[in-house]
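The values are calculated or read from the model by the stated rules, or taken from the named source; none is laboratory data. From a predicted model like this one, the values you see are computed outputs, not experimental measurements. Here the Cβ positions follow ideal geometry from the backbone for every residue, glycine too, while neighbour counts run over all protein chains shown.
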Amino acid sequence: MIPVLKRPSATKRKAAFAGKVPTDISGLVGWWKADAGAYSDAGLTLCASGDGVAQWSDQSGNGHDITQATSTNRPTWTDDVQNLLPVIVFDQTTNLEAMSISPYNLSAPFTMFLVAKADGDLQGRVLSGVTNNWLLGWWFDSSAGIYRMGEAYFDGAVELTGGPPTDGSFHQICGKSDTSTGSVYLDGTLVASSSSGVAGPQGLYLGKGGGGATGGPFGDERSDCQIAEIIAYNSALSDSDREAIEAYLSNKWGV
């Protein structure tokens, strides 16, 4: 069946971005971008602005689609938000989840990129593992009462208390592990590295926490957030390849 196209404002979209794109670098295993593959159903009808996202299709060619079957839990596809491009908006009740564990497990070594912003009153996790304690991006530092960005926990702390306070703007965050060291970069700058956290995510949650077989004990760590793009590789990218993807994201999203 041919998908039904409903997407408005096509003339506003940027058709091309300078330099390398994610498919130019080997090891791409997942690529989700808000300007492509967001469906209001099981992959037939592209979202129009304001629609709930039932499926966010993987653009890597590996078929690792991220879904939300419950209509009341679906985040919202919203057009023309960042750099004239759409994003997916999450609140305290909405999330996308990849619950089919085998295709979504990303063992170390890995590299993952996230373009997002955290806003609103609910301050938890933006990108999280399903069955292990893994997070990338934002986390609430309860000891200091600060919602921080540039945070990472890969079954062990990479950075959880030293990132700057969130500022309500879009940022790009890169987390990677070469199996011996985990590292996190905020807007292209190394924030922290540690041998304590090196594991990859076992499943993926967007907009909420995981950490257990049924989504706990961190399932209540939800966030008000907006996600623009996620890219995953099954290797620890070289500095030059990491910088190429960061340049692609910076040019595309204005971050």
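Listing for the model above:
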quantity	calculated
Meets criteria (touching a residue at least 24 places away in the same chain (Cβ under 8 Å), buried (at least 24 other Cβ atoms within 10 Å of the Cβ) and either at negative phi or in contact with a strand residue (DSSP E or B) (Cβ under 6 Å, 6 or more places away or on another chain) (or both)) for Gly163	no
Selection count, the stretch 132-148, where residues are at negative phi and surrounded by fewer than 17 Cβ atoms within 10 Å (Cβ to Cβ)	5
Single residue of Thr76, Thr111 found to be of a type in the set (Val, Ile, Thr), at pLDDT 90 or above and buried (at least 24 other Cβ atoms within 10 Å of the Cβ)	Thr111
Any hit, the stretch 174-190, residues being part of a loop (DSSP other than H, G, I, E, B), hydrophobic (A, V, I, L, M, F, W, C) and either within 21 Å of Glu229 (Cα to Cα) or touching a Leu at 6+ places or on another chain (Cβ under 9 Å) (or both)	no
Filter result (surrounded by 22 or more Cβ atoms within 10 Å (Cβ to Cβ) and more than 21 Å from Ile146 (Cα to Cα)) within the stretch 115-131	Gly129, Val130
Some residue of the stretch 134-146 being free of Cβ contacts under 8 Å to residues at least 60 places away in the same chain, over 15 Å from Gly207 (Cα atoms) and touching a helix residue (DSSP H, G or I) at 6+ places or on another chain (Cβ under 7 Å)	no
Candidate set from the stretch 120-156 (those that are among the small types (Gly, Ala, Ser) and not in a loop (DSSP other than H, G, I, E, B)); member that is farthest from Asp187 (Cα to Cα)	Ser128
Residue list for the stretch 219-255, restricted to those being farther than 18 Å from Ala116 by Cα, among the hydroxyl-bearing types (Ser, Thr, Tyr) and assigned to a helix (DSSP H, G or I)	Ser240
Hits in the stretch 177-201 (condition: free of Cβ contacts under 8 Å to residues at least 60 places away in the same chain and loosely packed, with under 15 Cβ neighbours inside 10 Å)	Ser180, Thr189, Leu190, Ser195, Ser196
Selected residue (only one of Ala116, Ala108 is in contact with a Ser or Thr (Cβ under 8 Å, 6 or more places away or on another chain), among the hydrophobic types (A, V, I, L, M, F, W, C) and within 25 Å of Thr23 (Cα to Cα))	Ala108
Any hit, the stretch 4-14, residues being modelled with pLDDT of 95 or more and under 29 Å from Asn234 (Cβ atoms)	no
Every residue from the stretch 152-172 that is under 21 Å from Ile88 (Cα atoms) and either touching a helix residue (DSSP H, G or I) at 6+ places or on another chain (Cβ under 9 Å) or not hydroxyl-bearing (Ser, Thr, Tyr) (or both)	Asp167, Gly168, Phe170, His171, Gln172
